[in-house]
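Please read the structure below before turning to the comments.
The values are calculated or read from the model by the stated rules, or taken from the named source; none is laboratory data. Model, not experiment: these values are computed from the prediction. Using ideal geometry, Cβ is built from the backbone for each residue, glycine included, and neighbour counts are taken over all protein chains shown. Surface areas here come from the heavy atoms of the whole protein model, side chains and all, with no ligands, DNA or RNA. Shrake-Rupley method; radii C 1.70, N 1.55, O 1.52, S 1.80 Å.
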Amino acid sequence: MASLDQFALNGRRFVVTGASSGIGRAVAGHLADAGARLVLVARREADLVSAVEEMQDKGQAAAYVVADLSERENLAAVAASCKASVAGEVIDGIVNAAGVNLRQNVEEVSLESWDLTLNLNLATPFFFAREFVPEMRAQHYGRVINIASLQSTRAFPNGLAYGASKGGVCQLTRAMAEAWSRYGICCNAMAPGFFPTELTAPVFDSDESRNRASQQTAIGRNGELDDLFGLSVFLASAASSYITGQTLAIDGGYSAK
């Protein structure tokens, strides 16, 4: 029987990458507020400590792992550390929020910057998530939430490599769903519009660009990090058990115009 209990995350264990700031930290906080136990992964230990302490002060269960997820050869070891931080219990879901946007002019894109962007934004979400699939498959329950973008479907100036990587995230999400959803692992992506984060600082630091972005939305304002709560909890919960392979825009109607 359908119940609001399907939205609860009590006892569920989630790994969130890129959790030291921005979208990753916001989503991690929302999942913790819904009852999940969190393992936060990022490079900056001081910011991770701050996030974990904030959660623990509210009586929430959280731990952290310091890691540079662009180093693919270490992903298995990072995943092992995440599993150890929950005493070997099954990780029920992963949010792939780590990413980079170098905002380079097309003439400035180098082999090195291209590889960094495509590696962290597209390769890491697959290879890292796959480390947790065997246990999810064994319990016939799991959630993979990727972070797409407005640039998954639109071309923005100075966003060639980033846009290519985020377009790939949509197809990666569909391919993950095809491979794993028969085992109870739902794989979806969130496509945020403009939210105030480190990655979008060049937009929000300028009144002109900030207002231009808000005017493009149907709602008439840019996103606030609390706006991510509903979709984050929904995709992480049992309530989304028949939704997989989808990219859901959370952009105030920006992509609808």
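Would you kindly find the accessible area of I94, with a 1.4 Å probe and non-protein molecules such as ligands, DNA and RNA excluded, rounding to the nearest 10 Å²?
0 Å²
Give, as a single signed number, the net charge of other residues whose beta carbon lies under 13 Å from the beta carbon of R154, with Lys and Arg counted +1 and Asp and Glu -1.
Cβ neighbours under 13 Å give a net charge of +1.
Quick check: residue separation of K58 and F234 times 0.36 nm, minus the Cα distance between them. What number comes out in nm?
Taking K58 through F234 to full extension adds about 61.2 nm, to one decimal.
On average, how much accessible surface per residue is there in the stretch 162-257, in Å², for a 1.4 Å probe, leaving out ligands, DNA and RNA?
With the other protein chains kept in place, the stretch 162-257 gives 46 Å² per residue.
By how many degrees, between 0 and 90 and to the nearest 10, does the Cα long axis of helix 75-85 differ from the longest principal axis of the chain?
50 degrees
Among 6-19, 216-229, how do they line up from the highest to the lowest mean number of other beta-carbon atoms within 10 Å?
6-19, 216-229
Leaving out ligands, DNA and RNA, and with a 1.4 Å probe, what % of the accessible surface on the chain is carbon or sulfur? Mind showing how you got there, number by number?
Numbers: 6060 of 11860 Å².
Whole-percent figure for carbon plus sulfur exposure: 51.
Keeping all protein chains in position, work out how much accessible area V86 exposes to a 1.4 Å probe, and write it in Å² to the nearest 10.
10 Å²
Sorted by packing (mean other beta-carbon atoms within 10 Å per residue), highest first, where do 159-167, 44-52, 136-144 land?
159-167, 136-144, 44-52
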